[in-house]
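The block underneath contains the structure these notes are about, expressed in structure tokens.
No lab work stands behind these numbers, since they all come straight from the coordinates. None of the values given here were measured: they were computed from a predicted structure. All Cβ positions, even for glycine, are placed from backbone atoms using ideal geometry, and neighbour counts span all protein chains on display.
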Amino acid sequence: GVGGVNLASDLDLSHTVHTNAGTYGSDSWTFTDPTGNYKNVAATTITDQIDPATASITVTPYHVTYDATAHTASGTATGVGGVNLSADLTLSGTTHTSAGTYSSDSWTFTDPTGNYKNVAATTVTDQIDQATSTTAVTFEAGPYTYRGTAFTATAAVTGVGGLNQSVTVVYSGDCTNVTTANGCTATANFAGDMNHSGSTDSKSITITQAPTTTAVSGGGTFTYNGLAHPATVLVTGAGGLSLTPPPVYTGACSAAPVNVPDTPCTASYSYAGDGNHTGSTASTTINIIKTNQTITWNASATMTYGGPLTSTQLNATVVGVAGGSAPGALTYTSAAGTILPAGSNSLTVTAAATANYNSATKTVTISVLYLGISTSCDGDAGHQILQPINADGTSVWKQGSTVPAKFRVCDVNGNSIGTAGVVANFFVYQTKNGTVTNVDETNITSTNSLYWNFDPTGQQWIFNIGTKTGAVSSPNTTYWLEIDLNDGSKILFEFGLK
């Protein structure tokens, strides 16, 4: 005022008061002097302006390893007086999950109050490095013994973010056959992907020899049959090994045995093995035992007394197995030329044992008979009752007479036989009342016989049958009598008593 009086207190500046940034073109002030000494000034427009402040912003890019989660750059924004303006930062342009270098990422700052300067898109470089991967090769379960087919492996790669997939396996070395230690190698290589670095793995195995089985068949005990008894060999093993080599014969033989002396024979084989198989051995024993030889003897059932044994009787034959060795020599218990006694005779033939045959025997029975009924027995009829008893049974004697019974038997040469024991038995075997005729024989009185006697003069056998008492003594009776000879034959005759 006048004289430099301070009138500032009369100014009204309340319409120019602002906090937030902006241009206020309608602000006004007034001057009112309460003393009236000065003219009042009505509202006078002025333009006030508050410029936006610059926030303090720090944005930190990230450099991490891929972990399958999203990553975003971090940042802070601070205003006047330390006010936290971080909420006004937009960092979504820096968000990534996959590995990579993101050099065009950007962030912005936008203050909704207008009190701070907005910051347009500002570039930062974010980086997510690839994670490591793990490749693992796994061979099939052992043991790794040769089997004729290749052993195989599988491979898989794993990593963060659910990486789990198969990987192609590449083989080196020999994965089928026996070679060297760790001679089969399986390798798998994962080249990597967007989020994972590559990795590799390899495993090796050692293939060992497979066992073999050698079997020798054909052993046992066999009865000689004239044929060879060979053994066979079979060698088997993994991978289709199947061999049939010839056996090696040792012991009593050097080849497949045929004869009893060729045994016991051992057939064996030792397989030395090969690159993929171990060796093996086996053996068996072959025994051949003797067989029986067969005697056939069709000897004549009878022969005439006095004749020597000849090939007619001693005609046995012996055979062994067809195609086999010769049978044993024949030996007779009664040799050729032997004259057998009358009656039943047992003859035995023996086939000698040989290397391949058991001893064999056979027995036959030959009946040695006196010459049959004939007229050539020492000049008379043989093997029948002689005179004075009629051979036709028509003789009738007076009871009480002595009836001389006579007969003659001869050998094969017609010689009468007077050897003791010719008569084995003598008896009445049948009677009948009556006679065929009246007495027609001359009464003879003689000493009755107790047994048969041989008359060397007449070359005949005589028995005086008494008819007074005893078995032959009933009148008007016909008697049938039987003379049993020691050759098994008999002479029958009959006569009557009146």
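Here are a few things to note about the model shown:
- Using alpha carbons only: equivalent-ellipsoid semi-axes of the chain, gyration tensor based, whole Å: 160, 30, 12
- Estimated distance in nm for a label pair at Asn453 and Asn84, the labels positioned 7 Å out from Cα along Cα-to-Cβ: 17.4 nm
- Environment charge of Pro475, counting only residues whose C-beta is closer than 9 Å and scoring Lys/Arg +1, Asp/Glu -1: +2
- When the alpha carbon coordinates of region 343-407 are projected onto the principal axes, the ranges are 74, 26, 16 Å, largest first.
- Report note on the peptides 465-471, 380-386: ranked by the mean count of other C-beta atoms within 10 Å, highest first, their order is 380-386, 465-471.
- The Cβ shell under 11 Å around Ser133 holds other residues with a net charge of -2, Lys and Arg each +1, Asp and Glu each -1.
- Counted residue by residue at 0.36 nm each, then reduced by the alpha carbon distance between them, the extension gain from Thr363 to Ala8 reaches 109.9 nm.
- With the largest listed first and rounded to whole Å, the semi-axes of the equivalent ellipsoid of region 374-497 from the Cα gyration tensor are 25, 14, 14.
- Value of Rg to Rh for region 56-129 (Rh from inverse mean 1/r over Cα pairs, i.e. Kirkwood): 1.04
- For region 18-175, the spherically averaged projection of the C-alpha convex hull amounts to 15.7 nm².
- Over the chain, relative contact order from alpha-carbon pairs under 8 Å, at least 6 apart, %: 7 percent
- Electrostatic bookkeeping for Asp51 treats Lys and Arg as +1 and Asp and Glu as -1; over the other residues with beta carbon under 14 Å from its beta carbon, the sum is -1.
- Annotation: region 107-183 has a Kirkwood hydrodynamic radius of 18.0 angstrom, from the mean reciprocal C-alpha pair distance.
- Protection proxy ranking, peptides 89-99, 261-271, 49-59, average beta carbon neighbours within 10 Å, highest first: 261-271, 89-99, 49-59
- Region 448-493: relative contact order in percent, alpha carbon pairs under 8 Å with at least 6 residues between: 22 percent
- Packing, as the average of other Cβ atoms within 10 Å across residues, places the peptides 339-346, 152-159, 452-459 in the order 152-159, 339-346, 452-459, highest first.
- Nearby lysines by direct alpha-carbon distance to Lys398 (threshold 21 angstrom, same-chain neighbours under 8 apart not counted): Lys406, Lys432, Lys468, Lys498
- Rounded to 5, percent antiparallel among DSSP beta bridges of the chain: 85 percent
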